[in-house]
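Everything on this sheet refers to the single structure shown next.
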């Protein structure tokens, strides 16, 4: 590495710095109030009463992820025991157990249609299974095995049954055509592992959170980065769109959760648990967007009034780190996965 | 693999685009967020609670035909 920058590099560095300062200045210019001040006259939120409705038992090792189907009833979970389980959360029954070729699964997702599930992890692959078709051994047929990653698969979302977008440890986001089994598009996304992704299909937008502490907003049709959001002081573990589509929430190793507004291009609120001594690993919002949920290393899910910023209790029951959180589209049912080998449904 | 200079030039172009994004005041953004939440809150069961008629988790009671 040369000890001193050449004139061209030095000039570019200066320009980049100036542009970053310009962005920050512009954001500040639009910061004419705080969310707290703007919501001071809004009605208080009553105490949230949610309890464990179902304990989904079946995994025999840490569960690393869970995700609802679009039908708000079926749920997929992935565990280091090397299995995906598809659950009927209303009855608590296992619908399918899918043995995986690699036990190091980090993410598992359901297609909104309910027809497919996808998973991946330290195998550096994304594997898609057909929930409605079994192979000769009686387990869900593998539709596609997507290789071509130079890092672990950390997150993915079905854009439709035939298309999936992924985020990975090689800092890329990739869109795949599942019918052809080919990459449609790919881009370097962050300067650190991509940890998490949230999709707002109606707006063709995704947000990605990374180890580089930034959150980026992308047009999923072009994979062009629209905006970059700063604020977190450590890895961003999870991101989730607000149902309004105007904002998104995040959860971080820095023990905070934050709300970022897209059109004013900035962080507008920060949420801390009463004793903020644990990383927040996953986040989501309730159906109306009024309640923020964040899973923690402290084994609970913290709840806040998203508008007023006030902590509103937590969901207690798991006995180890919360790894995944999924709110059903209907709003009836919040699923959590944990290192305690369990999956719970709350409501 | 692009050179460091090429990568930085790309970053400059990207940042110029991001700087030119149309922004709205935080006050307006908050107003609209509040409006969305309040409009949908009444049907948000995490706020209101799950009513017995819409509760998919309740145990099915057996019927006794008399």
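Looking at the square roots a ≥ b ≥ c of the eigenvalues of the Cα gyration tensor of chain B, which shape do they give, rounded for a/c under 1.5, prolate if a/b is larger than b/c, or oblate? Display every interim value, and only then the final one.
Working: a/c = 8.76, a/b = 2.41, b/c = 3.64.
The shape class here is oblate.
Rounded to the nearest 0.05, what FRET efficiency do residue A:133 and residue A:219 give with R0 = 35 Å and r taken as the Cβ-Cβ distance? Could you check?
Values: r = 33 Å, r/R0 = 0.95.
After rounding to 0.05, the efficiency reads 0.55.
Spin-label point model (7 Å from Cα, Cβ direction): what's the residue A:160 to residue A:40 distance in nm?
4.9
Grab the Cα-Cα distance for residue B:35 and residue B:58, subtract it from 0.36 nm times how many residues apart they are, and report the gain in nm with one decimal. Each step should come with its number before you reach the end.
Values: separation 23, 0.36 × 23 = 8.28 nm, distance 3.29 nm.
So the chain would gain 5.0 nm between residue B:35 and residue B:58.
How would you order A:170-176, B:2-8 from highest to lowest mean count of nearby Cβ atoms within 10 Å? Please report the intermediate quantities before stating the final value.
Details: A:170-176: 21.4, B:2-8: 12.0.
Ranking, from highest mean packing down: A:170-176, B:2-8.
What does the C-alpha gyration tensor say about the overall shape of the range A:202-347? Classify as rounded when a/c is under 1.5, otherwise prolate if a/b is larger than b/c, or oblate. Don't jump to the answer; show the numbers that get you there.
Values: a/c = 1.62, a/b = 1.45, b/c = 1.12.
Prolate, since a/c reaches 1.5 and a/b exceeds b/c.
How many angstrom lie between the Cα centre of the range A:333-347 and the Cα centre of the range A:263-293?
Spelled out, the Cα-based centre of one part sits 19 Å from the other.
Is the C-alpha gyration tensor of the protein assembly as shown telling us rounded, prolate or oblate? Criteria: a/c under 1.5 is rounded; beyond that, a/b larger than b/c is prolate, otherwise oblate.
On the way: a/c = 2.02, a/b = 1.25, b/c = 1.61.
Oblate shape, in that a/c is at least 1.5 and b/c is the bigger or equal ratio.
In peptide A:262-269, how many Cβ atoms from other protein chains are near each Cβ within 10 Å, on average?
Details: counts 4, 9, 8, 8, 3, 0, 4, 2.
So the per-residue partner count for this stretch is 5.
How much length, in nm to one decimal, is gained on full extension between residue A:319 and residue A:55, taken as 0.36 nm per residue of separation minus their Cα-Cα distance? If you can, show how the numbers build up before the last one.
On the way: separation 264, 0.36 × 264 = 95.04 nm, distance 1.26 nm.
This chain segment gains 93.8 nm when fully extended.
Separation of the range A:115-187 and the range A:87-103 by C-alpha centroid, Å?
When both Cα centres are located, 18 Å separates them.
In nm, to one decimal, how far is the residue A:147 label point from the residue A:182 one, both placed 7 Å along Cα→Cβ?
Going by the 7 Å Cα→Cβ label model, 1.9 nm.
How crowded by other chains is A:30-36, given as the mean number of beta carbons from other chains within 10 Å of each beta carbon? Before the final figure, lay out each step's value.
Details: counts 7, 4, 5, 7, 3, 6, 1.
Partner-chain Cβ atoms within 10 Å, mean over residues of A:30-36: 5.
Once you average over the residues of B:7-19, how many Cβ atoms of partner chains fall within 10 Å of each Cβ? Working shown, then result.
On the way: counts 2, 7, 4, 1, 4, 6, 1, 5, 9, 4, 4, 12, 11.
The shielding value for this peptide is 5.
Calculate the FRET efficiency for residue B:51 and residue A:22 from the Cβ-Cβ distance with a Förster distance of 45 Å, rounded to the nearest 0.05.
Numbers: r = 52 Å, r/R0 = 1.15.
Once rounded, the FRET efficiency stands at 0.30.
Please give the Cα centre distance for the range A:18-48 versus the range A:200-238, rounded to the nearest Å.
Value for the Cα centre distance between the two parts: 19 Å.
For chain A, what does the relative contact order come out to in percent, with C-alpha contacts under 8 Å and a separation of six or more?
Numbers: 951 pairs, mean separation 50.4, N = 347.
Value for chain A: 15 percent.
Relative to the present Cα-Cα distance, how much length would full extension add between residue A:33 and residue A:202 at 0.36 nm per residue of separation?
Values: separation 169, 0.36 × 169 = 60.84 nm, distance 2.92 nm.
Stretched out fully, the residue A:33 to residue A:202 stretch lengthens by 57.9 nm.
Bear in mind that the values in this text are calculations on the coordinates, not laboratory data. Given the structure is predicted, the values throughout are model-derived calculations rather than measurements. Because the Cβ atoms are built from the backbone with ideal geometry, glycine has one as well, and the counts that use them run over all protein chains shown.
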